[in-house]
Amino acid sequence: MQLDCRNLNCPEPLLRAKKALGELKIGETLEILVNDVAPRENIKRFLSKNGFEAQISQAGADTLIKTVKTDELKDESIDDIYCNVTAPKRGKVIFLNEEQCGSGPIGKSLLAKFLGAALSLDEKPVKVICVNNAVHITTNRGHECFEAIKKLNEAGAEILSCGSCLESYKLVDKLAIGEISNAYEIMDVLSKYEVIKL
């Protein structure tokens, strides 16, 4: 059975898919064509909670969801559907609250390794935010993490250090890399990007 659910308002595609699955015999195949994120995710979730495997293929804006009815529906509830889809956050931000990772003696070198590994990610971080004593990294060229954060900066990541933190540690004039930031800017960044806390 094939359903063309393109351009249908949510939750209509899921309701049609659910009805079709109820009518199909075990072993029969259902193909559902959608062209929006919400119906695709809702149908995938519904199939998954009923133990059906979903094969997804994309052709431009259209998504084809294919499944085989392997059993009767176990859970027909659609309480977990959503129709308003927020656009995915763009880019990753590394948020550093400390100048080391954890409390052990290898904390600084461990953080340096994590920061270095971030350079190998397919999607490199767009910003690094340093607050509290993490501002020691951006003000001390001899810090174990300085070279790693410098390489991230050279790779295109913007380095932001909390101005209040720099003032508190009397390090404003020692900033060696990146820019001085403030609470508003940092909160704005954290609200817009996917955040990695180390």
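In deg cm²/dmol, rounded to 500, what helix-only [θ] at 222 nm does the chain give when every DSSP H run of at least 4 residues adds -39500 (n - 2.57) and the total is split over its residues?
Numbers: 7 runs with 67 residues, N = 198.
Helix contribution divided over all residues of the chain: -10000 deg cm²/dmol.
For the stretch 20-128, carbon and sulfur atoms together expose 50% of the accessible surface, with a 1.4 angstrom probe and every protein chain in place.
Of the trypsin sites (Lys or Arg not before Pro) in the stretch 1-88, the ones in a loop by DSSP (not H, G, I, E or B) with at most 12 other beta carbons within 10 Å are 25, 74.
Where nothing but the Cβ of Lys and Arg (+1) and of Asp and Glu (-1) is charged, how large is the charge dipole of the stretch 1-63 around its Cα centre, in debye to the nearest 20? Before the final figure, lay out each step's value.
Numbers: 9 positive and 9 negative charges, 48 e Å.
With only Lys, Arg, Asp and Glu charged at Cβ, the dipole is about 240 debye.
Taken per residue, the accessible surface of the chain reaches 57 Å², heavy atoms only and a 1.4 Å probe.
A straight chain from residue 170 to residue 191 at 0.36 nm per residue would run longer than the Cα-Cα distance by 4.7 nm. Go through the stretch 41-128 and name the GluC sites (Glu not before Pro) that are in a DSSP coil and have 15 or fewer other Cβ atoms within 10 Å of their Cβ. Listed in order of number, the matching sites are 53, 72, 76, 123. Dipole orientation for the chain: of the candidates 128, 106, 157, 106 has the Cα lying most toward the positive pole (charges on Cβ; Lys, Arg +1; Asp, Glu -1).
Packing-based ranking of 134-143, 102-111 yields 134-143, 102-111, ordered from highest to lowest mean Cβ neighbour count within 10 Å. Compactness of the chain is given as radius of gyration and Dmax, 24.3, 73 Å, from Cα positions. Simple spin-label estimate for residue 82 and residue 106 gives 3.8 nm between the two label positions (7 Å along the Cα-to-Cβ direction from each Cα).
The values are calculated or read from the model by the stated rules, or taken from the named source; none is laboratory data. This structure is a prediction, so every number in the text was calculated from the model and none was measured. Don't worry about glycine lacking a Cβ; one is built from the backbone with ideal geometry, like all the others, and counts go over all protein chains shown. Keep in mind that these areas ignore ligands, DNA and RNA; they rest on the heavy atoms of the full protein, side chains included. Shrake-Rupley method; radii C 1.70, N 1.55, O 1.52, S 1.80 Å.
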